[in-house]
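Engineer: What follows is a structure written as structure tokens; I'll ask about it next.
What follows is calculated from the coordinates using simple rules that are stated; it is not laboratory data. All values derive from a computational prediction rather than experimental measurement. Here the Cβ is made from the backbone with ideal geometry for all residues, glycine too, and neighbour counts use every protein chain on show.
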Amino acid sequence: MKFPLLMLALLLAGCAPAIREGAPLMNKLSIQKMNSNPAVKPLIEAELPEKWWKAFDDRNLDRLVELALAGNPALDEARDRLQEAQAAVIESGASLDPHVDSINQITRQRLSRNGNHDIYNGKTATIANIFPLFVNYNLDLWHRNQEIISAATASEKASEAKYRQSALMLSSAVIKTYFALNTAKNLAGVQAEIVRLTEEKANLLDSAYRAGIKPKTPSVSGQADLRESKAILAALEKRRQSLNFALLELVGKTPEEAIQTASTSIPERFGLPERIDLDLVSKRPDIQAALWNVRKNGHLEKVARDAFYPNINLFALTGFNSIGLSDLLGPGGATYAYGPAIDLPLFEGGALEGRLHEKEAAYDEAVHAYNRALLAAVRQIADALSAMRYGREQLDERTASLALRQSEAGIAQSGFQSGISGKLPYLEAEIRLNRETMAKMEESLNWLYSITDAATSLGGGFGRWPS
């Protein structure tokens, strides 16, 4: 007995591949401190709240995000992929349990004259094999099946993270499209006022030309300004409609419906976690998906390595078999069998080695993809924080410029009402005021975009979003 065991040990030692050290995972990162960014209000919380967009205090926005998360077809597709991965875990988990089957076969067969069936040789007979109980159990001595289950579980976790990533990107798209739609509506309203003022100015210049007070050039220029203003208004209306259709698509609605918008509260500063480190960045769904993919490929590499070892199954069956049906269920028809089945790969033509090297390369590839995703996440966060600083500065500059234009328009209105100056300077001041108002709206939109991008770059609270 000792000699066969010794030979088996030598075979295993000879064919077992050496365990290698794979590509290293990044475990450090550095991002600027929050207290150095005047646009950020540092929070003591370790991460963003799940519904961070409620900081804008806009019920319409809240409702649209909820509609999108509940009814967007792309998110439903991601949910289906998650359910597919969950089913794969259940399927792979069955390999650890004994498999019980029932194998039953009745065959009409011509038996050979040279067979070993005695009186049935050279005759046609009915052969019955009835095994109502057939048990097969894999001992999984090297935990190969367990590694397959672990790989399926890791794949499920990666699919879940990808599902949360889809929800994150969907919410970000809804929020930014909603802000853009709201801004487009407001811009169109202000531009309509500019068209009215420009038309009044053009009529005034035309009347002055006809009265011989002014030359024709200002009148022609006024008509050109009017046409340009109307073209801008038409472009804004087209932009508004396109954004409305885009938002309806995101929330899973048809183009016949309309989106309700309201004034959004624009924060002076936006709250972000005070400390941004690897723990926080790793909560991003895409980073989680990349890390689970590394773990999945690590388990599959172990499966490929375990394939070099023998596989041992235990089997047992009981039932009836007979040539001819008359004696099938009688005392002489009973049969049973049991025993081990050992499968030891000796020569596979390099197939096992090739599969192992493939899985080793897949593991390293997954590690590099994770490291690349981590570096991309750091860049996105740094870009978002920089954009927040710049956006806040630009919005403050526009706010100051708007205050000056308001003062200018007030002075022009007083001059016109008191008779000191004509109506033309007042109309031109009002047009400049409205254009500055539109410029501030655009900067406010950029500021809201930068907030959304910053929240998205930090995972947007979807690192723990329920699936």
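Engineer: So, counting K/R as plus one and D/E as minus one, what does the shell of residues with Cβ under 14 Å around Val135 add up to?
Structural biologist: -2
Engineer: State, to one decimal in nm, how far the label point of His368 lies from the label point of Leu139, with both points 7 Å from Cα in the Cβ direction.
Structural biologist: Between His368 and Leu139, the label points sit 4.1 nm apart.
Engineer: Quick one: if you stick a label point 7 Å off each Cα along the C-beta vector at Leu325 and Ser221, how many nm between them?
Structural biologist: About 10.8 nm separates the two model spin labels.
Engineer: Next up: With label points built 7 Å along Cα→Cβ from the Cα atoms of Ala46 and Ile266, find their separation and express it in nm.
Structural biologist: A separation of 3.6 nm, rounded to one decimal place.
Engineer: Got a sec? How would Thr217, Thr437 order by Cβ neighbour count within 10 Å, fewest to most?
Structural biologist: Least to most surrounded, the residues fall as Thr217, Thr437.
Engineer: Now for a different question. Can you tell me the order of 426-432, 73-79 when each peptide is scored by its average per-residue count of other Cβ atoms within 10 angstrom, highest first?
Structural biologist: 426-432, 73-79
Engineer: Taking 0.36 nm per residue of sequence separation and subtracting the Cα-Cα distance, how much length would be gained by fully extending the chain between Glu77 and Ile103, in nm to one decimal?
Structural biologist: Result for the pair: 5.4 nm of gain on full extension.
Engineer: What's the FRET efficiency of Asp277 with Ser386 using the Cβ-Cβ distance as r and R₀ = 25 Å, to the nearest 0.05?
Structural biologist: Result of the calculation: an efficiency of 0.85.
Engineer: Hey, another quick one. Determine the gain in length on full extension of the stretch Arg464-Leu346; use 0.36 nm per residue of separation and subtract their C-alpha separation, reporting nm with one decimal.
Structural biologist: 37.7 nm
Engineer: Still on this structure, please answer the following. Let me have the 222 nm mean residue ellipticity of the chain computed from DSSP H runs of 4+ only, each contributing -39500 (n - 2.57), with the sum over all residues rounded to the nearest 500.
Structural biologist: Only helices count here, giving -21500 deg cm²/dmol.
Engineer: Among 101-114, 368-381, what's the highest-first ranking by average C-beta atoms within 10 angstrom per residue?
Structural biologist: 368-381, 101-114
Engineer: Non-local amide H neighbours of Asn72 (under 5 Å, H modeled in plane, Pro and chain starts lacking H): which ones?
Structural biologist: Amide H neighbours of Asn72, under 5 Å, 5+ apart: none.
Engineer: What ranking do Met441, Met26 get, fewest neighbouring Cβ atoms within 10 angstrom at the top?
Structural biologist: The fewest-first ordering by Cβ neighbours comes to Met26, Met441.
Engineer: Give me the lysines in straight-line cross-link reach of Lys423: C-alpha distance below 27 Å, same-chain residues under 8 apart excluded.
Structural biologist: List returned: Lys201, Lys214, Lys216, Lys230, Lys440.
Engineer: Continuing with the same structure: Computed from the coordinates I sent, semi-axes √(5λ) of the Cα gyration tensor in Å equals one of [x] 32, 26, 24; [y] 35, 25, 20; [z] 77, 28, 17. Tell me the label.
Structural biologist: Read-out taken from this structure: [z].
Engineer: Another question about this same structure. If r is the Cβ-Cβ distance from Ile90 to Ser401 and R0 is 56 Å, what FRET efficiency results, to the nearest 0.05?
Structural biologist: Details: r = 63 Å, r/R0 = 1.12.
According to the calculation, E is roughly 0.35.
Engineer: Next up: On a 0 to 90° scale, report how tilted helix 2-15 is relative to the longest principal axis of the chain, with both axes built from alpha carbons and the result rounded to the nearest 10.
Structural biologist: 30 degrees
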